[in-house]
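One structure is given here, and the rest of the page talks about it.
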Amino acid sequence: MSDIEARGVLYVHSAPAALCPHIEWAVGAALGAQEKLEWEPQPAAPGTYRAEIDWIASQGSGAKLASSLRGWAHLRYEITEEASLGSDGSRWSHTPELGIFHATTDVTGNIMVSEDRIRYAYEHANGDPSAVYHELSLALGEAWDEELEPFRQAADGANVRWLHRVG
C-alpha cells in the first residue's frame with residue numbers, strides 16, 4: 001500500500017441482515033479503523049439494509065475493499081476512491097446479477113474510457129453503430145447504473161416504483 005492518503009466512499013445499497021457484520025469486518029480489515037457503519041432498512045428491497053461510510057486510507061484501499069466484498073451473493077454496493085497525488089480515481093459497482101464493474105475516474109468523478117477500449121469498440125463492431133453503442137455502454141457501466149438507480153433513489157428517501165416482470 002502507498003503512504004499517500006486517498007479519500008473515498010462506500011455505499012452498501014442492499015445487504016441481507018446476516019451479511020452486515022461480515023461487511024463491517026471486511027471494511028475494518030481493508031481500510032483500518034473506521035467509523036461503525038450505521039445500517040438502515042433499504043425500502044427498495046424489503047428485508048435488506050443499506051449503509052454508507054466516507055473513508056480516508058492509503059491510496060489503493062478502494063481496490064482492496066472492492067476485492068474483499070467481491071462475489072458476495074445478494075450484495076449491492078459502490079465504492080469510490082477519489083483521484084490523489086499520482087493516481088487517477090476509481091469506481092467499483094457490484095450487483096448480484098451483473099457482478100463487479102470497475103472504471104477509472106477523473107478528478108470530478110467522470111468515467112474515463114481509454115483509447116484502447118474505444119478502439120476495441122470500433123473494431124469489434126465491424127461497422128455496426130449499434131455494436132459500438134453497446135460496447136461503449138459496457139465501458140461506461142450503464143447496466144450497473146440502471147440496476148443500482150432504484151437503490152440510490154430509495155436511499156435518498158424518494159418514492160420507489162417497481163415494475164414487475166410479466167410472463
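The values are calculated or read from the model by the stated rules, or taken from the named source; none is laboratory data. Computed from a prediction, not measured in an experiment: that's the story for all the values here. Methodologically, a virtual Cβ is constructed for each residue, glycine included, from the backbone with ideal geometry; neighbour enumeration extends over all protein chains shown. These accessible areas exclude ligands, DNA and RNA; they are computed on the full protein's heavy atoms, side chains included. Shrake-Rupley method; radii C 1.70, N 1.55, O 1.52, S 1.80 Å.
Report the Cα centroid-to-centroid distance between the range 12-43 and the range 57-91 in angstrom, as an integer.
Result: 14 Å between the Cα centres.
Rg and Dmax of the range 113-155, Cα atoms, in Å?
For the range 113-155, the Cα-based Rg and Dmax read 13.2, 41 Å.
Considering only G60, H74, A6, whose Cα is most displaced toward the positive end of the charge dipole of the chain, charges sitting on Cβ of Lys, Arg (+1) and Asp, Glu (-1)?
Sorting the options by dipole projection puts first H74.
Step by step: find N for the range 37-77, compute 2.2 N^0.38 Å, then divide the Cα radius of gyration by it. What's the final number?
Normalised by 2.2 N^0.38 Å, the Cα Rg of the range 37-77 equals 1.36.
Once phi is turned into ³J(HN,Hα) by the Karplus curve 6.51 cos²θ - 1.76 cosθ + 1.60 with θ = phi - 60°, what whole-Hz value does each residue of the range 85-90 show in order, with x for glycine and proline?
Rounded to whole hertz, the list is 3, x, 8, 6, x, 8.
Given a 1.4 Å probe and heavy atoms of the protein chains only, how would you sort R119, R50, largest accessible area at the top?
Largest accessible area first, the list is R119, R50.
Return an integer: the convex hull volume of the alpha-carbon atoms of the range 69-161, in Å³ per residue.
Residue-normalised Cα hull volume stands at 135 Å³.
In deg cm²/dmol, rounded to 500, what helix-only [θ] at 222 nm does the chain give when every DSSP H run of at least 4 residues adds -39500 (n - 2.57) and the total is split over its residues?
-10500 deg cm²/dmol
Whole percent per 10 Å bin, from 0 to the bin with the longest distance: what is P(r) over all C-alpha pairs of the chain?
P(r) for the chain, in whole percents per bin: 10, 34, 34, 18, 5, 0.
What list of ³J(HN,Hα) values in whole Hz, one per residue of the range 100-112 in order, does the Karplus curve 6.51 cos²θ - 1.76 cosθ + 1.60 (θ = phi - 60°) give from phi, with Gly and Pro shown as x?
Here the 3J(HN,Hα) series is 9, 10, 10, 9, 7, 10, 8, 5, 9, x, 6, 6, 9 Hz.
Treat every Asp and Glu Cβ in the chain as -1 and every Lys and Arg Cβ as +1, leave all other atoms uncharged, and give the resulting dipole magnitude about the Cα centre to the nearest 20 debye.
About 500 debye.
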